[in-house]
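Working notes, beginning with the structure itself.
Read the figures in this text as sums done on the coordinates, not as results from a lab. None of the values given here were measured: they were computed from a predicted structure. With ideal geometry, Cβ positions are generated from the backbone for all residues, glycine too; neighbour counts draw on all protein chains shown.
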Amino acid sequence: MTRPRPTPQPKGPTERQFQGMVVAMAKALGWLCYHTYDARRCEPGFPDLVMLRPPRLVFAELKTARGRVKAAQQTWLDALRAAGAEAYLWRPGDADEVEAALRAHQLELRESE
């Protein structure tokens, strides 16, 4: 008798789930968030999220723990950084870094008061 193979369990959240977590956190901290839902006709590689909380503008490419960064995605991240933009590649394991980046402006404001 052949045993059925177990269904492989995902290693952490999917990219969509992770994006939902990042967006929820950002919105809770007062950020405006933009994501193109159907990017088939858009420029390849543009980051998944654009988040704005003046004076900061953040671009974020989101990947699963095992997700690969495509060449066009890396090109966009590198070009944005070269232009002085905040551009990040975040994975679910980077949750503390994500929160720190999104809270950074709040800390700067408190210190200057």
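Observations, loosely collected:
- Counting neighbouring beta carbons within 10 Å and listing from fewest to most, the residues E43, E15 come out as E43, E15.
- Residues whose amide H comes within less than 5 Å of that of E86, counting only those at least five positions distant or on another chain, are L57, F59 (H built at 1.01 Å from N in the peptide plane).
- Under 5 Å between amide hydrogens, built in the peptide plane, is the criterion, and for D48 it picks out A60, E61, L62 among residues at least 5 positions away or on other chains.
- Highest mean first, the peptides 26-33, 77-84 sorted by other C-beta atoms within 10 Å per residue fall in the order 26-33, 77-84.
- Nearby lysines by direct alpha-carbon distance to K11 (threshold 23 angstrom, same-chain neighbours under 8 apart not counted): K63, K70
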